[in-house]
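Once you've had a glance at the structure underneath, I'll fire off some questions.
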Amino acid sequence: MRQAPIIIVGGGIGGLAAAIALAQKDFQVTVLERASRYQEIGAGIQLGPNAFHAFDRLALGDAARSIAVFIDQLRLMDAISAEEITNIDLTDYFRRRFGNPYAVVHRGDLHGILVRACETNANVTLRTDCDVVGYEQNGARATALLKSGERISGCLLIGADGLRSRIRQQVVGDGAPRIAGHTTYRSVIPTEQMPEDLRWNAATLWAGAKCHLVHYPLSGWKVFNLAITCHNDPVEAVAARPVSHDEVLEGFRDVHPRAKAIIHHGKDWKAWVTCDRDPTDRWIDGRVVLLGDAAHPMLQYFAQGACMALEDAVCLADELDKAQGDLDHALEQYRNARLLRTARVQLGARELGNHVYHPSGVHALLRNQLMREISLERFCENLAWLYQSPFPEPTSDAVRGGVRS
Ligand SMILES: Cc1cc2nc3c(=O)[nH]c(=O)nc-3n(C[C@H](O)[C@H](O)[C@H](O)COP(=O)(O)OP(=O)(O)OC[C@H]3O[C@@H](n4cnc5c(N)ncnc54)[C@H](O)[C@@H]3O)c2cc1C
């Protein structure tokens, strides 16, 4: 142990990954989670190769691969005509090009791996029922202020408390997140209930007018994840609200019956109103720093929010390790390393929503033509900035075997 403890507020994917990364570098870490147990809500999550570069750096690469379904394709369908627009082959060339696969995992499985890694590391203390309402810091120490009145101090406080971060409110003070005007409905169904002709080993996107549908297999093909989104201008930012089948259908009236069949097979739908924020460079307040959605919440159209949180965790631990006690310098280095990359994803996700996921009329026809023209090589070239490892050193746990489908 090298320092007074580092306090992490929030035990989501970002906070737990940061705890592991720091503990592996011999920092003592205390994670304060508001919920009464460590868990993830929602089912599937897509992970680009960059997430696996981060897992390799956390020595969790094999564990993450063991719970993943390695999809073979990103498939783009026109939700109005039901035509296939294009598909991107994610097998040999893609995996060789980026040194890691594109995969889908169950959030609960992923979170479980992170929780276990924390529980088995003596440098990590995990606490629950810790609702952090704010902080104090004096340039040398930071103190988390709990709703219960308890105060927990350390040499540094990391705000990893997600989209509606209390820590961000104090660091940045930019109010509530921006409601994007879209609602995402999620459901998970047993594979045998998925229409047989759509049981593809792919992350499939049906792009419609102001709406889209995504599906992919999960958990060793036991279930299919359905996540469908429409523009319906919600005013309240709800998360995981149970909704009726009819309410779900409302935003998808114009999609092809083949796409609508997917909705009919879903059940126990829950709604999330999607939100993001404009990028900011105010991630630091003395000994307090932001990470993950607290720093750079983004729309889901790049499927990168969790991937970015994982990368943040690795980068922050690297900088703190290198800084030999100069924490202020380390925080600046971390922010500078992460700012433009995450801003590019934040702003790019909005563009993807407008130009790929949700256009209509001629805009959609143009999308179809442009997407058809993109070769696999060009696709990989266009996304190399995102999927290549952002970390300077070679990965330490780079066991690449075991890619399965
Ligand atoms: C519909 C949808 C689809 C998505 N798909 C993908 C995808 O395919 N791939 C991808 O990479 N990303 C995806 N994302 C984004 C991803 O889910 C998030 O970016 C990621 O979960 C952020 O992790 P985090 O740890 O920063 O925040 P969170 O996961 O929000 O974790 C924050 C934690 O902090 C706790 N907390 C909050 N407030 C307090 C407090 N006051 N005190 C203590 N604890 C507190 C919470 O309980 C929670 O455990 C998607 C998001 C949405 C909405």
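The values are calculated or read from the model by the stated rules, or taken from the named source; none is laboratory data. Bear in mind the structure is a predicted one, so any value in this text is a computation, not a measurement. Please note: Cβ atoms are built from the backbone with ideal geometry, for glycine as well, and neighbour counts cover all protein chains shown. Heads up: the accessible areas ignore ligands, DNA and RNA and are worked out on the full protein's heavy atoms, side chains in. Shrake-Rupley method; radii C 1.70, N 1.55, O 1.52, S 1.80 Å.
Kindly check whether there is at least one residue in the range 341-349 that is assigned to a helix (DSSP H, G or I), free of Cβ contacts under 8 Å to residues at least 40 places away in the same chain and within 14 Å of the ligand (Cβ to nearest atom).
So far as the range 341-349 goes, no, none of its residues is assigned to a helix (DSSP H, G or I), free of Cβ contacts under 8 Å to residues at least 40 places away in the same chain and within 14 Å of the ligand (Cβ to nearest atom).
Looking only at the range 338-393, how many residues end up being more than 30 Å from Gly14 (Cβ to Cβ) and open to solvent by 60 Å² or more (accessible area, probe 1.4 Å)?
11
Report whether or not Ala180 is part of a loop (DSSP other than H, G, I, E, B), under 30 Å from Asp268 (Cβ atoms), among the hydrophobic types (A, V, I, L, M, F, W, C) and touching a residue at least 60 places away in the same chain (Cβ under 8 Å).
It is false that Ala180 is part of a loop (DSSP other than H, G, I, E, B), under 30 Å from Asp268 (Cβ atoms), among the hydrophobic types (A, V, I, L, M, F, W, C) and touching a residue at least 60 places away in the same chain (Cβ under 8 Å).
Additional query: Yes or no: Val133 in contact (Cβ under 8 Å) with a residue 12 or more places away in the chain, within 14 Å of the ligand (Cβ to nearest atom), open to solvent by 30 Å² or more (accessible area, probe 1.4 Å) and touching a helix residue (DSSP H, G or I) at 6+ places or on another chain (Cβ under 9 Å)?
yes
Give the number of residues within the range 106-127 that are in a strand (DSSP E or B) and closer than 20 Å to Val314 by Cα.
Residues meeting the conditions: 3.
So which residues in the range 202-220 are under 21 Å from the mean Cα position of the chain (by Cα) and either modelled with pLDDT under 95 or not in a strand (DSSP E or B) (or both)?
Residues satisfying the conditions are Ser219, Gly220.
Which residue is farthest from Gly14 (Cα to Cα), if the candidates are limited to the range 30-39 and must be of a type outside the set (A, V, I, L, M) and within 7 Å of the ligand (Cβ to nearest atom)?
Arg34
Being open to solvent by less than 20 Å² (accessible area, probe 1.4 Å) and under 11 Å from Tyr185 (Cα atoms) is the filter here; which residues of the range 245-266 pass it?
Within the range 245-266, Val248, Ile263, Gly266 meet the criteria.
Let me confirm something: among Pro279, Pro217, Pro242, which residue is open to solvent by 20 Å² or more (accessible area, probe 1.4 Å) and over 30 Å from Arg338 (Cα atoms)?
Pro242
Can you report the number of residues in the range 81-98 which are within 19 Å of Arg378 (Cβ to Cβ) and either in a helix (DSSP H, G or I) or in contact with a His (Cβ under 8 Å, 6 or more places away or on another chain) (or both)?
So the answer is 7.
Mind telling me which of the residues Leu58, Leu16 ends up being away from the ligand (no atom under 12 Å from the Cβ), within 20 Å of Met308 (Cβ to Cβ) and open to solvent by less than 10 Å² (accessible area, probe 1.4 Å)?
Leu58
Residue by residue, here is whether (1) within 9 Å of the ligand (Cβ to nearest atom); (2) in contact (Cβ under 8 Å) with a residue 24 or more places away in the chain; (3) open to solvent by 20 Å² or more (accessible area, probe 1.4 Å) holds:
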site	(1), (2), (3)
Trp272	yes, yes, yes
Ala295	yes, yes, no
Gln304	yes, yes, no
Leu310	yes, yes, no
Asp321	no, yes, yes
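Can you tell me which residues in the range 153-174 are assigned to a strand (DSSP E or B) and within 11 Å of the ligand (Cβ to nearest atom)?
Ile158, Gly159
In this structure, is Cys315 farther than 19 Å from Gly42 by Cβ, surrounded by 16 or more Cβ atoms within 10 Å (Cβ to Cβ) and more than 10 Å from the ligand (Cβ to nearest atom)?
yes
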